[in-house]
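Right, one structure below, let's go through it.
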Amino acid sequence: MCAMPCRRLRGRTGTPHRCDRACVWRLAPFYFGYFANTGVLTTYFPLYLEWRGLSAAQIGIVMAVAQAMRVVGPTIWGWLADRYVARECILRATAAAALLAFVPILTPGGFALVLAVMFVYHFFLAAQAPMAEAMAGVHLQRRRNAAAQYGRLRAWGSFGFIALVLAAGPLLDGLGVALTPYLVVALMALTVAAAWYARDARGREAQAPAVSLRARLREPRVHWFFVSALLMVFAHGAMYTYLALYLAHLGYSKAAIGVFWVLGVLLEIGLFFVQGPLFARYSLFTLLQATLLLAALRFWLTAQFARIVPLLVLAQMLHAATFALHHSICVVTIQRWFPGRAATRGQALYISIGYGIGGTAGSLAAAGLWSSLGPAGTFGASALAALAGWGAARVARRHERPSEI
């Protein structure tokens, strides 16, 4: 049975109790472990799969499984969590199950074994991001500086990502990419321990206004917002699947590839820490549209100028906007539109539609384009997808309710 979550401890002024403020930071180790694992999987796992003998198309399919499981997984887990107010227990159970599910990848086998393992692994992994985001959102609800505090909390995930990408690059250069799955197992064990340390803020649901999920989803602004999120993640499909291979084929070392990833994440961390004034000064939709335009620029630079180090550096620096700022905008928007008992399902919808449908389609499209058009055509298509997302965000803004967002 899960440990007792944080109680409703508020003073008469309505400000959060000291214990309540501390509980949200118990999520920091989970973010660190979860995204440290993501760093290894995103940056080096495609190279491991190539070493294991998989073709470029098979690697694209395997990497797309992570997104495919996000289509259905978060919705199932989100419904269970909101129905039974069991976010804390589900976070712990799925972390342990994901660790056990990944272990068979250490045994010999070809594409079929790898694909089967990743299906089961990512089904359980898909539960964890919406659980953590919903727990953070409930902790931070009604706080004036919620965006700033969320950014600082989420930055721990970036710390984990950057630490492992930096450490793993030289390690794999020296010992070989065959070590990659063992790193994943170790990081998953860390994530399990961190999940047991995390605490939920049960009891806050009654304080939030009741929201009809179906009614909210019928709103045009919500439709077009999710379309823009889908297209943004779709645009990143080529980067997450093939950037490491692309740079390796251009002659960059594994350590250099890691540095390029880390550069973007360093600025991502900085943005998470200073994003509060941006949210205070600009509307969410103004920031949303800006991130999509910057994403189009980023992928065009990657498509055309990846051999030119300064321009590749600039493209990777834009990761701070195309991921960190965009993700914070989406999370804060979902927190406002889906409060209380709808919190986990709202975050699950964002993960399912954006990272599930958008990520799966983006990875599969990248796999097809990679074979037919090559890297320039693949990343050029990503730039066009980001521009389409900007158009969707413009439509969503026309239906904006200024009193709510």
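Numerical summary
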| item | result |
| --- | --- |
| Contacts under 7 angstrom Cβ, first residue in region 330-345 being among the hydroxyl-bearing types (Ser, Thr, Tyr), partner outside any helix (DSSP H, G or I), 6 or more apart | THR333/ILE405 |
| Unmet criterion (only one of (1) under 12 Å from LEU231 (Cβ atoms); (2) at pLDDT 85 or above) for ALA376 | (1) |
| Every residue from region 278-305 that is among the basic types (Lys, Arg) and surrounded by fewer than 18 Cβ atoms within 10 Å (Cβ to Cβ) | ARG281 |
| Count - residues of region 83-110 that are of a type outside the set (Gly, Ala, Ser) and touching a Ser or Thr at 6+ places or on another chain (Cβ under 8 Å) | 2 |
| Members of region 226-261 that are surrounded by fewer than 22 Cβ atoms within 10 Å (Cβ to Cβ) and of a type in the set (Val, Ile, Thr) | VAL227, VAL259 |
| Flag if ARG87 is basic (Lys, Arg) and within 16 Å of the chain's Cα centre (by Cα) | no |
| Lone unmet requirement of (1) within 30 Å of TYR150 (Cβ to Cβ); (2) modelled with pLDDT of 90 or more; (3) under 19 Å from the mean Cα position of the chain (by Cα) for PHE119 | (1) |
| Spans of helices (runs of 4 or more DSSP H) in region 283-361 with at least 1 residues farther than 28 Å from PHE260 by Cα and within 18 Å of the chain's Cα centre (by Cα) | 326-337, 343-350 |
| Enumerated helices (runs of 4 or more DSSP H) restricted to region 127-225, each holding at least 3 residues that are surrounded by 15 or more Cβ atoms within 10 Å (Cβ to Cβ), among the hydrophobic types (A, V, I, L, M, F, W, C) and at pLDDT 90 or above | 180-197 |
| Some residue of region 103-118 being under 16 Å from ALA132 (Cβ atoms) and crowded, with 19+ Cβ neighbours inside 10 Å | no |
| Condition check for ARG401: part of a helix (DSSP H, G or I) and either at pLDDT 90 or above or basic (Lys, Arg) (or both) | no |
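The values are calculated or read from the model by the stated rules, or taken from the named source; none is laboratory data. Quantities reported herein were computed from a predicted structural model and do not represent experimental measurements. Note: ideal-geometry Cβ built from the backbone for every residue, glycine included; neighbour counts use all protein chains shown.
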